Amino acid sequence: MSATPRLYVTPDLGEGLEIPVDSDQAHYLTRVMRLAAGDPVRVFNGRHGEFDASLAASTKSTATLKLGQQTRQQQGVPDVWLLFAPLKKARTDFVVEKATELGASEILPVLTERTDADTVRTDRLQRIAIEAAEQAERLDVPRIHEAAKLPALLASWKPDRVLIYADEAGEDAAKPWGGEAGRAAPAASGLEVLKAPAAILIGPEGGFSPAERKRLRELPYVRPVSLGPRILRAETAAVAALALYQALAGDWRS
Ligand code: SAH
């Protein structure tokens with residue numbers, strides 16, 4: 001990992017331009033990293049690739065960067081969203097950080113019947129995604145959507161986006177883990193042929209209700225998948241499903 005600070009900024013980027021950074025970033029550059037005028041920084045904005053830059057001027061709470069050469073062309077991530085039922089604060093933070101590292105293109109908190117979450121602070125989660133993108137050398141930052149209820153999300157779903165639904169249960173309510181009948185196919189089978197935009201849906205700690213599972217399985221664009229013979233915590237399932245998607249259908253393929 002390079003010691004040169006790497007920052008997500010919002011202004012347009014181009015060689016020779018001078019751009020301001022926000023006060024938190026100014027504090028980080030001058031107080032935490034102790035940069036002096038002329039010291040190197042790298043910046044990206046999600047639109048114009050990545051540029052070398054140097055600290056041009058600073059006060060305690062402001063800083064200006066002078067942009068040098070472009071170091072990378074803009075490049076996106078595979079079009080795969082992560083939909084997840086928000087968890088307790090630290091676990092939600094973990095999901096957002098890891099999903100950003102793993103290249104989710106957008107992140108949508110979904111409120112399900114059994115969602116048991118602290119309030120979803122979208123602005124906080126967006127900051128976590130920015131930091132993760134800076135550290136991961138991403139050239140864009142996934143948008144964190146406002147939390148929405150599952151039925152509302154499904155009602156406005158564009159059916160060309162395949163919804164890969166992580167479904168751990170079988171159909172038999174009397175059996176532990178829903179028994180063997182009605183189990184979803186293993187997640188690896190078939191994902192490699194996915195060309196369509198996709199989304200991965202992970203449920204809350206309590207799982208989806210029987211009514212939610214039924215509704216999801218009826219929808220033509222939903223593909224229920226199993227992540228194996230052990231119950232994963234929701235955050236583990238999110239990481240596992242995204243990794244599998246990137247390996248089989250996304251940008252981990254050569
Ligand atoms: N219903 C379970 C636990 C849910 S685990 C219970 O209460 O015991 C939380 C979420 O992670 C699930 O809704 C599912 O989306 C995902 N998940 C966990 N393990 C999984 C598996 N083996 N296969 C598919 N999805 C899984």
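Any read-out appearing in this document is the output of simple, stated calculations on the displayed coordinates, not a laboratory observation. Since this is a predicted model, take the numbers as computed values, not measurements. Positions of Cβ are generated from backbone atoms using ideal geometry, with glycine treated the same way; all protein chains shown enter the neighbour counts.
Just GLU97, GLU18, GLU50 to compare: in a GNM of the chain, with alpha carbon springs under 10 Å, which one fluctuates most? The residue with the greatest mean-square fluctuation here is GLU18. With kT/(6 pi eta Rh) evaluated at 4 °C and eta = 1.567 mPa s, and Rh the Kirkwood radius from Cα pairs, segment 97-173 diffuses with a coefficient of 90 µm²/s according to Stokes-Einstein.
Taking the centroid of alpha carbons for each part, segment 1-49 and segment 107-168 are 27 Å apart.
Candidate cross-link partners of LYS89 among the lysines, defined by an alpha-carbon separation under 24 Å and a same-chain spacing of 8 or more, comprise LYS98, LYS149. Stokes-Einstein diffusion for segment 41-159 at 37 °C, viscosity 0.692 mPa s, with a Kirkwood radius from C-alpha pairs, works out to 206 µm²/s. Projecting the Cα atoms of VAL77, LEU29, ALA148 onto the dipole axis of the chain, where Lys and Arg carry +1 and Asp and Glu carry -1 at the beta carbon, places ALA148 farthest toward the positive end.
Using per-residue counts of other Cβ atoms within 10 Å, averaged over each peptide, order 151-157, 222-228 from highest down.
Most protected by this proxy first, the peptides run 222-228, 151-157.
Each residue of segment 3-12 was assigned a 3J(HN,Hα) from its phi angle through the Karplus curve 6.51 cos²θ - 1.76 cosθ + 1.60 (θ = phi - 60°); the sequence is 7, 5, x, 10, 10, 8, 10, 9, x, 4 Hz, with glycine and proline shown as x. Which loop GluC sites (Glu not before Pro) in segment 116-181, with loop taken from DSSP, have no more than 16 other Cβ atoms within 10 angstrom of their Cβ? Those that pass, being in a loop and sparsely packed, are GLU137, GLU146, GLU171, GLU180.
Radius of gyration (Cα atoms) of segment 6-72, expressed as a multiple of 2.2 N^0.38 Å: 0.98. Average 1/r across all pairs of distinct alpha carbons in segment 151-254, invert it, and you get the Kirkwood radius: 14.2 Å.
Over the C-alpha trace of the chain, radius of gyration and Dmax come out as 20.8, 68 angstrom. Placing +1 on each Lys and Arg Cβ and -1 on each Asp and Glu Cβ, with no other charges, gives segment 80-248 a dipole about its Cα centre of roughly 300 debye. Rounded to 0.05, the FRET efficiency of the THR71 and LYS195 pair, given R0 = 41 Å and the Cβ-Cβ distance, is 0.85. Taking the chain as a Gaussian network, where each spring joins two C-alpha atoms under 10 Å apart, which residue of THR71, THR236, THR115 fluctuates the most? It is THR71. Each Lys or Arg adds one and each Asp or Glu subtracts one; over the other residues with Cβ under 10 Å from the Cβ of GLY182, this totals -1.
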